Amino acid sequence: MDLTSLSPEILLLVLSVGILGLDWFLPKKEKYVIGYCAILGLSLIFIVVHFTYGTRLFPEAANVLMSLPDGGSYFQGFVVDALALFFKRLFMVAALLALVYSLAYFSEDAPFQGEYYALILFATLGCFLLVSASDLLAIFVSFELMSLPLYILCSYLKHNSRSSEAGLKYFLMGAVTSALLLYGISLVYGSLGTTDLRHLVSPGPVSLVRLAQDPVLLMGLLFILSALAFKIAAVPFHMWAPDVYEGAPTPVVAFLAVAPKIAVIGLLIRVFLSSMSEAGLFWSWAFAILGALSMTVGNLMALHQQNLKRLLAYSGITQMGYFLVGLSAMASLPPLSVPSLQIAYQAVLFYLVAYLFSELTAFGVVTYLSAKGYETVNSCRGLSSRYPIVSLVFLISLLSLAGIPPMVGFVGKFYLFVAAFSSKLYWLVALGVLNSVVSLFYYLRIAKAMYIEKESQEVKLGKPFIPLETALWVGGFVVVLIGIFPKLVVNLAVSALQRYLVGF
Amino acid sequence: MIGVVHYVILSALLFVIGLYGAMTRKNGISVLMSVELMFNAANINFVALSYRFRDVAFLAGQAFPLFVIAIAAAEVTVGLAIVLSLYRSSNTVNLDEANQLRG
């Protein structure tokens, strides 16, 4: 058995167990080293995966399925293709930034540091496995591996009742979600007699006619879809998001707002789109309705929020709406129209990168503020005069989330709407553009507080923490850089897709 | 004669009872129990439906619940720990009283 194609997962597992082991040996005063070790280890894994995967170790990995005898999978459960590798790099970036934010947020003598960093890495491992899973069993197990550590992390502040409450709410919602997913899987298995995704998505079993004749299969797939919609907090499955975002520790929120959502979108691409295109029109409508609701409701609720984390929760719901527009555009295309499909795929992959950097940068600034207990829009008043760089980075990330030209968010949204337009989803494009305008209001409200309003209370952020400042600088820089030179990421997305689209 | 259909109906009932409980119960522990019902409903489905198939497909349905049982145990462990930590910090396991986060 060739284990090299599993090397990212194995390395990450070794790192997380190593972190737990390190926690044992370090004396109490030196526990803060653990966080730095986790960052160092993860950066090394990133370098290994990024530079050796596509070139030396696996010359063909950039665009070919791993050449295992049975077509690229372990026990038919695990696929390593370029698309999965694309997602894995995103998860590593998200986890790295979340780790840096954690260093800044928690004090050096915080309790349970070993467990904290190990759990973040375990959740990352779950995301890794989820985008590589090609069997419903593997999907369920990795879905749980991704979620369970996050429940614990949300209630990590043991003596803070808000954190416990956030953890409990996230857990209960998540447990019901898992049960929905599992029940859906059992129905799909009962109808098709297989848990292998390749049989499930190969053209044939899941055609429109079959869906209409087989209510069990339809219900199973709808259960799975609603479970995934829960995880990305798409309306009407969004109730947990604002509470969890508000109560949980900010670095954890930064991670759970990005990595699991990206993983689930990767899974949606695999399960619902890759070759279920015969029934595509049905799923296109499902995605379109979810997307339209998420964009509109998320925006309307965000308008009057005072708490920054709550506001970002609703804005995150809106962002998921934009993704769903892209997915809807993908699903509505007939399977053989490769050029338009490529546009739609690229748009979604590009916006994943845009969302990752904009959202994480925004949360970096919020981490900075909330580490000292400032979490409201009002506490941003006059921030620019005292902390010009932090304010500038915050402004850049907010403008990117809103979709203002020089930033990456604008390009991403532009691609998404072009894709939806070429799939003839005109009403969805109109709604999306309208919502972008509405969303400007609440993003600019924060900008106005930072730049125009006078300071009402004295905000003291403490002395600067170099790793966090660096991360913010890099985040803000990347958001502008990709916005001006989108080709950098488009090329990545194209190479992730080449083989995938030929499979049609 | 009891056939596959009876089991599937049983599992559907269990699932609905579990879902109803998870939506309406106020006590955190009761919600956990309801979620367990939902997991086990799916398990019954897997085992019962596996008798429709042969060979690998049959085994897939038989093996799935084993994984689910292990994961459900982990899930309950995490859930009880979180409920306990809420109880320690705010002296309640009642979900209605845990309402500091709203807006």
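The values are calculated or read from the model by the stated rules, or taken from the named source; none is laboratory data. Everything quoted here is computed from the prediction, not taken from an experiment. Here the Cβ positions follow ideal geometry from the backbone for every residue, glycine too, while neighbour counts run over all protein chains shown. Heavy atoms of the whole protein, side chains included, go into the accessibility calculation; ligands, DNA and RNA do not. Shrake-Rupley method; radii C 1.70, N 1.55, O 1.52, S 1.80 Å.
Values as computed for the structure displayed
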{"item": "Cβ-defined net charge surrounding B:Ser89, 13 Å radius [Lys, Arg +1; Asp, Glu -1]", "result": "+1"}
{"item": "Two-site label geometry, B:Val47 and A:Gln213: point separation in nm, points 7 Å out along Cα→Cβ", "result": "3.2"}
{"item": "Most positive-pole-ward Cα, B:Met1, B:Leu32, A:Val188, against dipole of the protein assembly as shown from beta carbon charges", "result": "B:Leu32"}
{"item": "Kyte-Doolittle at least 1.6, axis length at least 20 Å by Cα - qualifying DSSP helices, chain A", "result": "A:7-25, A:33-51, A:82-105, A:136-154, A:215-231, A:388-402, A:408-422, A:466-484"}
{"item": "Summed residue charge, Cβ within 12 Å of A:Ala263's Cβ, Lys/Arg positive, Asp/Glu negative", "result": "+4"}
{"item": "Chain B - Kirkwood radius from inverse mean 1/r over Cα pairs (Å)", "result": "15.5"}
{"item": "Under 18 Å from A:Lys424, Cα to Cα: lysines that are on another chain or at least 8 residues apart", "result": "A:Lys413"}
{"item": "Residues A:Ser340 and A:Ser107, FRET efficiency given R0 of 35 Å [Cβ-Cβ distance, rounded to 0.05]", "result": "0.10"}
{"item": "For A:Phe78, distant residues with modelled amide H under 5 Å away", "result": "A:Ser134"}
{"item": "Between A and B, accessible area buried - total, square angstrom, nearest 100, 1.4 angstrom probe", "result": "3700"}
{"item": "Residue-averaged beta-carbon neighbours from other chains (10 angstrom radius) around B:37-45", "result": "5"}
{"item": "Whole-percent pair-distance distribution, where bins are 10 Å wide, for the alpha carbons of the range A:277-504", "result": "8, 32, 32, 18, 8, 2, 0"}
{"item": "Inter-chain Cβ neighbour average for residues B:77-87, partner chain, 10 Å", "result": "6"}
{"item": "Whichever aspartates and glutamates have a C-alpha closer than 20 Å to that of A:Lys231, once near sequence neighbours (fewer than 8 apart) are set aside", "result": "A:Asp135, A:Glu144, A:Glu165, A:Asp243, A:Glu246, A:Glu359, B:Glu36, B:Glu75"}
{"item": "Cα-centre dipole for the range A:277-504 with unit charges at Cβ (Lys and Arg positive, Asp and Glu negative), debye to 20", "result": "300"}
{"item": "Span from the the range A:430-465 Cα centroid across to the the range B:1-51 one, whole angstrom", "result": "47"}
{"item": "Around A:Ala118: net Lys/Arg minus Asp/Glu count, Cβ-Cβ under 13 Å", "result": "-1"}
{"item": "Given charges at Cβ of Lys, Arg, Asp, Glu: the protein assembly as shown dipole, positive-most of A:Phe441, A:Ser132, A:Leu492", "result": "A:Phe441"}
{"item": "Residue pairs, from the table A:Lys309/A:Lys448; A:Lys31/A:Lys261; A:Lys29/A:Lys158, whose Cα atoms sit over 22 Å apart", "result": "A:Lys31/A:Lys261"}
{"item": "Dipole magnitude of the protein assembly as shown, debye to nearest 20 (Cβ charges: Lys/Arg +1, Asp/Glu -1, about Cα centre)", "result": "1040"}
{"item": "Average other protein chain Cβ within 10 Å of Cβ, residues A:245-251", "result": "1"}
{"item": "Sequence of A:Ile466, A:Ile389 when ordered by accessible area, the most exposed leading, probe 1.4 angstrom", "result": "A:Ile466, A:Ile389"}
{"item": "Cα centroid separation - the range A:469-500 against the range A:279-339, whole Å", "result": "22"}
{"item": "Restricting the range B:16-103 to chymotrypsin sites (Phe, Trp or Tyr not before Pro) in coil, as DSSP defines it, with at most 14 other Cβ within 10 Å", "result": "B:Tyr51"}
{"item": "At most 15 other Cβ within 10 Å, DSSP loop - GluC sites (Glu not before Pro), the range A:105-165", "result": "A:Glu108"}
{"item": "Simple Cβ-charge dipole of the range A:126-207, Lys/Arg +1 and Asp/Glu -1, about Cα centre, in debye nearest 20", "result": "260"}
{"item": "Area of A:Cys37 that stays accessible when all protein chains are in place (1.4 Å probe, Å², to 10)", "result": "50"}
{"item": "Carbon plus sulfur fraction of accessible area for the protein assembly as shown, probe 1.4 Å, in percent", "result": "71"}
{"item": "Trypsin sites (Lys or Arg not before Pro) restricted to chain B and DSSP loop, no more than 12 other C-beta within 10 Å", "result": "B:Lys26, B:Arg54, B:Arg102"}
{"item": "Accessible surface, 1.4 Å probe, highest first, among residues A:Trp427, A:Trp283", "result": "A:Trp427, A:Trp283"}
{"item": "More than 35 Å apart - percent of Cα-Cα pairs taken over the protein assembly as shown", "result": "36"}
